[in-house]
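Notes follow the structure.
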Amino acid sequence: LFQHVVGDHQFKDDYLFYEFMDESQRKYTNSSMYISYATSHVHQMSQTDLERIATNFRQGVRVKTHLYNFIPYKKTFIGSEAVDYLVHSNQADSRIEAVKLGRQLMKKCNLFQ
């Protein structure tokens, strides 16, 4: 669904730029699970649940051109703002849980790589 624009790493709650992947590049896996370290609960999510969150995520995260070292990165969003969105939209209970959910979106929905 999205990928980091200048390097290969996991989704982070930081000032890092990510871009959404084209639908034709997305791959899916059959099941998903993520652990909320804030509450120590294991959350089982169906692919349908993840897709719903991914759709809301894509619509709710602010995408624009960001500059880094005078290089423009078009159609990008910032990791920490994406974490803000997941928490404020009640998709996650904490910032730690939002990062874990973002990583599941990255891995299971190929939202970013």
I'd like the accessible area for residue 51, computed on protein heavy atoms only with a 1.4 Å probe and all protein chains in place. Round to 10 Å², please.
50
Give me the percent of the accessible area of region 59-113 that comes from carbon and sulfur atoms, probe 1.4 Å, all protein chains in place.
52
With x for Gly and Pro, the residue-by-residue ³J(HN,Hα) of region 90-104, computed from phi through the Karplus equation 6.51 cos²θ - 1.76 cosθ + 1.60 at θ = phi - 60° and given in whole Hz, is 6, 7, 9, 7, 8, 5, 5, 5, 5, 5, 4, 5, x, 5, 5
Could you pull out every residue, at least 5 positions away or on a different chain, whose amide H is within less than 5 Å of the one on residue 76? Hs are placed 1.01 Å off N in the peptide plane, and Pro or chain starts have none.
64, 65, 66
Whole-Hz Karplus couplings 3J(HN,Hα) for region 45-57, θ = phi - 60° and coefficients 6.51, -1.76, 1.60, Gly and Pro as x, run 10, 6, 4, 5, 4, 5, 5, 4, 5, 4, 5, 5, 4
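The values are calculated or read from the model by the stated rules, or taken from the named source; none is laboratory data. In this text, all values refer to a predicted model and were calculated from it rather than measured experimentally. Calculation scope for accessible area: heavy atoms of the full protein, side chains included, ligands and nucleic acids excluded. Shrake-Rupley method; radii C 1.70, N 1.55, O 1.52, S 1.80 Å.
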